[in-house]
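Any read-out appearing in this document is the output of simple, stated calculations on the displayed coordinates, not a laboratory observation. In this text the structure is predicted, and so the values were computed from the model without any measurement. Cβ placement follows ideal geometry from the backbone for every residue including glycine, while neighbour counts extend to all protein chains displayed.
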Amino acid sequence: MRKEYLELLDCPFCHRGTGLDCITPVINDGLIVRGDLVCSVCQRRYGIRDGIPVFIAGLDASGDLTKQDRIKHISNWKFGRIFQPFILRDKPEERRGLTLDLGCGDKPRGDVNVDVFVPQDVPENFVLADVENLPFKDKCFDIVRSSYVIEHCVEPVRFITAVCRIAKQEVRIITDNGEWFGIFLFRLFHTGFLFHDEHCYLWTDVYMRNLMRRLGLTSCVSVFNSSRNLLTIMFSLPGKIAFLSNWFCNSISVRIKCGS
């Protein structure tokens, strides 16, 4: 990991803004590949292993990351494999300023990327951390984005509070739309995100707007079709009619304004 991004790290428990001291760093080609990070306040110790700062409780901070630590859990999406030949390329995403991608998976889109599992191809400036206990200083990123993460969180309010703490301009959240017609197919075939063992919640735009209002956040909540599958895009065309949009759009977009 690059040294300038290590300076953005902070103890996920203290959040005093004092940063972490890097002890006995090993540098290779200008990147810190090994060392220990120590909080000067609580003296908690975190490791840098294979160039990855590790903030997951229970992982051995003294050794290398094991094969098990590198396994990325994949949704039980058997029905969707039928349509793989119809998948389009992802659309490029607008980038404004320093961006943090939470739950980056195998498609990182941030200057710094975070996930709770190590992807097969480790992205640049990757941090192994829990999104409900983010190890970053306050207001250190311009944009914080997360795609299909909040439905995994046991405490979604804690997640939203955490991302708003570290974002200077905007938080972008994308999650599944619980009112999408495709859910009926998932029930029929007993597959898809509805039956994902790691999902805790199924969201609708109404519940998301209520949550934003209860938290006193300035936000824009909308439904849209995020799929790059040609068949899903075709079936989602009726969603352009306002009162039908919730049934024919598979995702919810939330944009939270963090700046003044």
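General remarks:
- A cut-off of 5 Å between modelled amide H atoms, ignoring neighbours fewer than 5 places along the same chain, links Cys258 with Glu170, Val171.
- Computed label-point distance, nm, for sites Val33 and Cys220 using a 7 Å Cα→Cβ extension: 4.4 nm
- Taken one residue at a time, the phi angles of segment 241-247 give Karplus couplings (6.51, -1.76, 1.60, θ = phi - 60°) of 7, 3, 6, 9, 4, 5, 7 Hz. Gly and Pro are set to x.
- Residues Arg158, Arg145, Arg165, sorted so that the one with the fewest Cβ neighbours within 10 Å comes first: Arg158, Arg165, Arg145
- Three-way shape call for segment 123-251 based on the alpha-carbon gyration tensor, with the a/c threshold at 1.5: prolate
- Among Ile241, Ile150, the order by Cβ neighbours within 10 angstrom, fewest to most, reads Ile241, Ile150.
- ³J(HN,Hα) computed for each position of segment 200-206 - Karplus, 6.51 cos²θ - 1.76 cosθ + 1.60, integer Hz, glycine/proline x: 9, 9, 10, 9, 10, 5, 5
- Residue-wise HN-Hα coupling along segment 177-185, computed from phi with Karplus coefficients 6.51, -1.76, 1.60 (Hz; x: Gly, Pro): 8, x, 9, 5, 4, x, 4, 5, 5
- Each of Phe141, Phe184 was scored by other Cβ atoms within 10 Å of its Cβ. Arranged with the fewest first, they read Phe184, Phe141.
- Ignoring aspartates and glutamates fewer than eight residues from Lys240 along the same chain, the ones with Cα atoms less than 17 angstrom from its Cα are Glu179, Asp205.
- Under 5 Å, built H, 5+ apart or other chain: amide partners of Lys139: Ile166, Ala167
- Annotation: amide H of Arg16 within the under-5 Å range of Cys11, sequence separation 5 or more or interchain, hydrogens built in the peptide plane.
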